[in-house]
Structure formats: C-alpha cells, structure tokens
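Only one structure is covered here, and it is reproduced in the block below.
The values are calculated or read from the model by the stated rules, or taken from the named source; none is laboratory data. In this text, all values refer to a predicted model and were calculated from it rather than measured experimentally. Cβ atoms come from the backbone with ideal geometry, glycine included; neighbour counts cover every protein chain shown.
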Amino acid sequence: MATIELCERVATRPTWAEVSLTALRQNFRVLERHVGHGVTICAIVKADAYGHGAVECSRALQEEGARWFGVTSLDEAIPLREAGIGGNILLLTGFWRGEEEEIVRLKLTPTVWEPEQIELLDKAAGERGVRHGVHLKVDTGMGRLGVAPHELPRICSALRSSPHLVLEGLSTHFASSEVLDAPSVPDQLSCFRDVCRSLKQEGFDPPVLHTANTAAIISRRESWNTMVRPGIALYGYYLPFERAGREVSGSGLRLGVRPVLSWKTRILSLRDVPRHQALGYGGIYVTKAPARIAVLPVGYADGLHRALSSRGRVIVREHYAPIVGRISMDLTLVDVTGLPGIAVGDEAVLLGTSDGLSVDAHEHAMLAHTVVYEILCGISKRVPRKYVA
Ligand SMILES: Cc1ncc(COP(=O)(O)O)c(C=O)c1O
C-alpha cells in the first residue's frame, strides 16, 4: 500500500501580510501621549487584533507597557494568557454559562450586565476561595449590551449577595462617537454619569470607568474617564468623522498614527492580450486596446473584497496598476500595460506604501461601501502574517 509522508507545510504561495510591530508600538505611544498619564489604555485586541495577530500584537504592546487588553470572549483570552500576557484581560462581550470557572482560574475580567452572570461568577470565585473583579456594562443608548439604568437595583442587589465579587469597573459604548454633532453622545455620557451617581448611592464606587473608543478618544476628551479602549487607532486608522451628515477632517481630528499592516503578493503570470478581449468571470471588463495583464495569486478567499473588481488598484514597479475584471476566489487581474521591466515574480502591494505611492484600507473600504474594520478583519487566515520590526 502506498504511504503518504506528511511533512510540515511550508507556505510558498507568495501572498502575505506584513505587520509592523514598530508601528504598533509607536501608535500605542501616540495614544498614551494623547490621553496623558492619568488615563489607562485598554488595548483592544479582539478579532485577532483586527486581523493583525492578537498574540504577537499583545506581546509587543505588553512590552510597551500596556496593562489592559480587550478581547471579545474567553476563546480569545486563553491564547493570550498562554502566550504570557499577564495583565488584565477584559472580556468585552461577557461569557457563556459554563465558562465562569475558567474565567476565575485565568484571572480574566468579565463584563457583566445580568444578575445570573453575577451569581455564576460568585459561585466560581467562592469555590476557589478568591475575590474576583468584574466590570458592569450599562446600556446608555447603544441598544446592544448592558444593563438598562432602570434595572440597576437588581444588579446592585445581586452584587451585594456576592461576597466573592468586586465591582471594579463600569463601562458603556457609544453608538455614534464619530459623528461630531450627534446629540446621542452627550446624552449617553450624561446617562453614564447618572448611573455612576446611582451606584455610589447604592454603596458601589468602581474605580475603573471607561466609555471611549478611538473616535471618542480623538474628539471627546470629556469621555475619557479613567480608562479608554482604542482599537482601530492602534492599527493606524481612524474613522472619517462626520458633521451635519458630511465627512470632515481637520488637524484636531488627527492623531499621527500609521497603518501597521501591509498586504503584498507577487505576479504569478503575465499575458499580452489583444483589444476587445474580455477578462475574467462574466467578461465584465473588455480591453479597449492591446494590453499586458498580470495575474495575481490573491482573491476574495484571501479577503480581497470582490467589490474592488474593476475599481481597486495595486502598486507595482512604482506605478498604480488598476484591477481589471472580476476578482475571483484565488486570482485577480491587474493592467500593467507599459510598465517598464515588469516580470513574473514582481511584488504587488495590495495595501501599503511603496515608492511614495500608497493604497490604504480606507480606500478599499470606500470602494467596497464598508468600514476599515471589515477590510482589516476580512484578510483571511490563508494569508500568512509576517512580523517585521
Ligand atoms: C466595546 C468596545 N470598545 C472599544 C472598541 C474599539 O473601537 P475602535 O476600534 O473604534 O477604537 C470596540 C470595537 O468595536 C468595542 O466593541
């Protein structure tokens, strides 16, 4: 019988993402300087650090002094603890029944908003003979997670009956912090302050208060409290801000962070095609003149958004080369007509800066009618991440 020898797989398909840990560290320092010493930074590294690699990014941030990390759930926290992340790990979206013992064992900080969560955690902490910190989330208007302010008395009574828990933090999340004239933001903040006051009257005074994501960190100093939760700014981006329904930018709305991730590939094949040649699925793009087309080994299965078909561009040999035809699962065509010296194996930059030219995730997001977050999180696991200084 034939035997198949299994050997360790070496990634040879030349499509990869470069993650600059130097840029990440610098962005963290920029944020630290921006908020000053009195405000703690909780580095949001959920969703595999927005596609950048949570373990590697958290390690770099820990070395840079980060002491708080935000993930969505226990599944995301475990690899961080295993990788030696010793600081506080905040579980932003609570936990599932049955996870409470692991949460206490790993000293994770769960977000809670229901009496049942408090009871489960208290029991788990009691069994270990420890006191465990929790953060209460209040829904001040996002309409997503959190206790409604009028339900606070139930939470307070559950906390009072939980001798093994400490209410260490209180949080909320803004629905529209990037909208500079959104009345919901001051409304949410004032609701948050009311909740702080009510909790004090009930005998609780959590020291860690946090509400601000990237947009609020940049534009609303009054929202910082004692801790802020930047995600996208760490990775070098922030949202376009809006006022009166229109995009605005201005020096007061810039932080000086820079993109951490570049995405690259190499030309797999070059073909000279005549005029009137239909290219790719559906033949939606037809050449107007003889053209030289490069085939790139990257497609929507890698996370290159199909909406960039015949709209996006890459950087090759110091030029922008337009994407032509439909992006398919594994391949993308770009027009490299007239580019001098072009050859199979040449590097093509999908996201990043090269020779003074740049394509960033904002551009992809705009063309795909989505947000930078989805572009970054959408770069699939098939794309190996290489960590560079
Ligand atoms: C609760 C919470 N806090 C903070 C963040 C970080 O937001 P941003 O990436 O806009 O800074 C997120 C991201 O979605 C979040 O869900």
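Would you check if residue 233 is among the aliphatic types (A, V, I, L, M), in contact with a Phe, Trp or Tyr (Cβ under 6 Å, 6 or more places away or on another chain) and crowded, with 23+ Cβ neighbours inside 10 Å? Criteria not met by residue 233.
Listed here are the residues, each with its yes/no results for (1) assigned by TED's automatic domain parsing to the domain that holds residue 230; (2) loosely packed, with under 13 Cβ neighbours inside 10 Å; (3) of a type outside the set (Val, Ile, Thr); (4) part of a helix (DSSP H, G or I).
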{"residue": "151", "(1), (2), (3), (4)": "yes, no, yes, yes"}
{"residue": "154", "(1), (2), (3), (4)": "yes, no, yes, yes"}
{"residue": "158", "(1), (2), (3), (4)": "yes, no, yes, yes"}
{"residue": "162", "(1), (2), (3), (4)": "yes, no, yes, no"}
{"residue": "169", "(1), (2), (3), (4)": "yes, no, yes, no"}
{"residue": "186", "(1), (2), (3), (4)": "yes, yes, yes, yes"}
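Residue pairs whose Cβ atoms lie under 8 Å apart, separated by 6 or more positions or on different chains, with the first residue in the stretch 72-86 and in the same structural domain as residue 98 (by TED's automatic domain parsing) and at pLDDT 95 or above and the second among the basic types (Lys, Arg) and away from the ligand (no atom under 16 Å from the Cβ), are 83/59; 84/59; 85/59. Note on the stretch 179-212: among residues that are in contact with a strand residue (DSSP E or B) (Cβ under 6 Å, 6 or more places away or on another chain) and farther than 22 Å from residue 109 by Cβ, the one that is farthest from the ligand (Cβ to nearest atom) is 181. When you look at residue 215, is it within 12 Å of the ligand (Cβ to nearest atom), in contact with a Ser or Thr (Cβ under 8 Å, 6 or more places away or on another chain), farther than 28 Å from residue 151 by Cα and in contact (Cβ under 8 Å) with a residue 24 or more places away in the chain, yes or no? So residue 215 passes the test. The strands (runs of 3 or more DSSP E) found entirely in the stretch 291-338 that carry 1 or more residues being basic (Lys, Arg) and assigned by TED's automatic domain parsing to the domain that holds residue 278 are 291-296, 313-316.
Quick grid of which residues meet (1) buried (at least 17 other Cβ atoms within 10 Å of the Cβ); (2) of a type outside the set (Gly, Ala, Ser):
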{"residue": "195", "(1), (2)": "yes, yes"}
{"residue": "202", "(1), (2)": "no, yes"}
{"residue": "212", "(1), (2)": "yes, no"}
{"residue": "218", "(1), (2)": "yes, yes"}
{"residue": "224", "(1), (2)": "yes, yes"}
{"residue": "246", "(1), (2)": "no, yes"}
{"residue": "250", "(1), (2)": "no, no"}
{"residue": "255", "(1), (2)": "yes, yes"}
